[in-house]
Structure formats: structure tokens, C-alpha cells
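Participant: If you scroll down you'll find the structure; I have some questions about it.
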Ligand SMILES: [Zn+2]
């Protein structure tokens, strides 16, 4: 049995104790080390286990990879053994512990606010490295007024620096604030936000609500017929605010607009972009018409059809298809169009009129070898990419298809 120092004093982050056993095994690492007493929290109630080190007296630090309870013992899983009876200094990863104490205590506050102010039950909890999630019993998403009310009340409780105390489960003081009926008569821990909320819990918490520092709403989604709310809590909330401030600062400079007009300015930019895209579409269509007109003047008769070959500098696949469609719509036409719009991977298209009994299969290999290309398709269109460094010309294409 190990003394659970993490319950006696959750702020204790270094301690000394003696190794009582060390044996191979464990869920992580190769060894399970037990101590007379430990401040390492072994995980539970949605709160992950601590990490850190055990340093034998006069020796080097041994990393604690995971911690868990096995019966009444707290087991520290390590990559190295430590001989029984060795005096060790336990050092807990402070940033990790404080992060999860803030997440956990913040979750208590939020669940309490939702229950006592709005009669909303908490169904499940996930404490994460970036944000924490609370699934609540609610068929509909929360509206903005309710969200603001929860966020404001939670931060008011933080500012009020209310003691977070461990109570006896039968304590009369806690009875009036119990959020959930106790399912067991065993001696379990009751965590009370003094005078406001009490609930059975085996985690480690900040001793004052002010230890949580800040709670910010981060979004919601429907899940399993309920709602999952997301919150950014503690130091993470400050980091999030700082990150967003940099983004807003960048955007205000980029759009030359104050923060309050940013959304409107971005919408205006989107509208301009959409108008430009429409204009570009019209211009491209006209350009395709011009290309088709120009191409029409230089078709050559081959075996009952008229063959057109063209190599362009700046058309993409859609443009090539547009030109090819304009040509082949006239009947008995074959259009072989290439564009140098890129290096390797530039597009080509071969299109024929529906009435044109053209057999591409018989010349496919010769054509692809000529243009250093690849691709395929089926009557009446084939397409792919080619390599402009092959130096192929429009006449070269004509010879390939016209012979
Ligand atoms: Zn708790």
C-alpha cells in the first residue's frame, strides 16, 4: 500500500520516499516501482496520470513513463530498475500536472454552472492537451445567450477564488450542493466548490477556483443525440488569446480595417473575388472563341475529316476542352491541341466530332511517344499530359495524325 500524497497535498510536486518493491512488468516501460508514499497521480476520472522522474540518492534520474494503481499500490512504470529500500526523490512534470489540474477543476466549475444555473447534466468529460470537452444532456445546440451566461458565471467563480475542498461524503455542509446522488455507501471523496457544488471525484484539483485562471468557450457539436461543448481552460486560454491576437493584428494590417470591421471587409473581398472570377470566366470564353476562330482557318483535309493541330502557351485543360468542343461541334472534325502551360505535366487533348469514326487506339503509342506524354480516354475525347521539352510542332502533330 502506498501513501497517496497527491490527495493530501495536490500542490506537492517533489517528494522523497523509499522504494518498497521493483519488479519487471507494467503497461509501459519495463519495471514497476512501488514507493512507501507517492505524489504521482495515477490517473482516473478523465484526468491522465502524471509523468516525471524518480532519482535514487546519489544516482541518475529515472524517467517515469506512466503511473497506475494496482490494488492499493501506486505503480511507477520505468525503463530502469531501482533497488528496493533505495531512497528516491520524485519530481513530477509540473507543467503537465498544472495543465490537467486546471482542466479538471475548470470542468468541475463548468459542469456545476451548467447544472445549478441551467439544469443541464454533464454526461461525459474529456480533458485534452489543447482543449477540454464536456458532453451535456441537451437535444439542441446551446444558443449564444446561454453560452455567454455559462462562460461569464464560470469566470466569476474563478475570480471569486472559492476554496475547492475535499469533504467527507456524509458531510452535512456538502449535502445541499451534491450534484449527483452517491451510488455507493463506501467512503469516497467528495470535491466541493465551497458553498456552490459538490460531487464525488477521485482526481486532483486546484485548491482555489482562481487556480483555473480563465475559461473560454471553444465551440460545440451534436453527438449521440446530445451536445459536446468544448472549452479552453487555464494557461491554454491565455495562449489561445495571444495566438488569436497575432492573427487579428495580421488581418487588420492586411485589410487596413479595424478589428470590428474585419468580417465585413473580408466579405467584401470575397464578393470582389467572386466578381473577378465571373469576369475571368467571360474573358476565357471569349479567348477560347478567338482561338477556335483562328484554328478554323487552318484545318486540313484528312480521310474525310478536317484535322486541326494547335500548340498554345497558356491554356489550361478546361480552356483546351472549350476550344476543342467549339471545333468538333461542327462535325467531321479532329482537333489535337496541346498547351505549354507547365513543364512536365502540361495538358493535351484530342477531340473528334461524334460523327467522326476516328480510331485513336491504332496510333496512341506513336502519338504519346512523339509528345513524351501519357493519358487516355474514349471516343470522342482523349486527354493527358505531355513534355514540352520534346520540341514537337503543329506540323509534326499534323504529320502524325494526317499520315
Ligand atoms: Zn474532480
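The values are calculated or read from the model by the stated rules, or taken from the named source; none is laboratory data. What you see is a predicted model; the values in this text were computed from it and never measured. Note that we place each Cβ from the backbone using ideal geometry, even for glycine, and neighbour counts take in every protein chain shown.
Participant: Pick from 173, 192: which is under 16 Å from residue 112 (Cα atoms), modelled with pLDDT under 95 and either in the same structural domain as residue 160 (by TED's automatic domain parsing) or assigned to a helix (DSSP H, G or I) (or both)?
Facilitator: 192
Participant: Identify, by number, the condition in (1) surrounded by 12 or more Cβ atoms within 10 Å (Cβ to Cβ); (2) closer than 20 Å to residue 214 by Cα that residue 262 doesn't meet.
Facilitator: (2)
Participant: Among the residues in region 193-211, are any away from the ligand (no atom under 16 Å from the Cβ) and without any contact (Cβ under 8 Å) to a residue 24 or more places away in the chain?
Facilitator: No, the conditions are met nowhere in region 193-211.
Participant: Going residue by residue through region 122-145, is there one that turns out to be part of a loop (DSSP other than H, G, I, E, B), under 20 Å from residue 179 (Cβ atoms), in contact with a helix residue (DSSP H, G or I) (Cβ under 6 Å, 6 or more places away or on another chain) and away from the ligand (no atom under 16 Å from the Cβ)?
Facilitator: Checked against the condition, which is being part of a loop (DSSP other than H, G, I, E, B), under 20 Å from residue 179 (Cβ atoms), in contact with a helix residue (DSSP H, G or I) (Cβ under 6 Å, 6 or more places away or on another chain) and away from the ligand (no atom under 16 Å from the Cβ), region 122-145 yields no hits at all.
Participant: Could you grab me the full set of residues in region 201-215 that are buried (at least 19 other Cβ atoms within 10 Å of the Cβ) and in a strand (DSSP E or B)?
Facilitator: Matches in region 201-215: 215 only.
Participant: Also, I was wondering about something else. Residue 268 - would you say it is loosely packed, with under 15 Cβ neighbours inside 10 Å and within 30 Å of residue 11 (Cα to Cα)? I'd like the intermediate steps shown before the answer.
Facilitator: On the way: loosely packed, with under 15 Cβ neighbours inside 10 Å: yes; within 30 Å of residue 11 (Cα to Cα): no.
Here the answer is no, as residue 268 does not meet what is asked.
Participant: Checking the conditions here, which among 166, 103 is modelled with pLDDT of 95 or more, within 11 Å of the ligand (Cβ to nearest atom) and out of contact with any helix residue (DSSP H, G or I) (no Cβ under 6 Å at 6 or more places or on another chain)?
Facilitator: After ruling out the rest, the residue left standing is 103.
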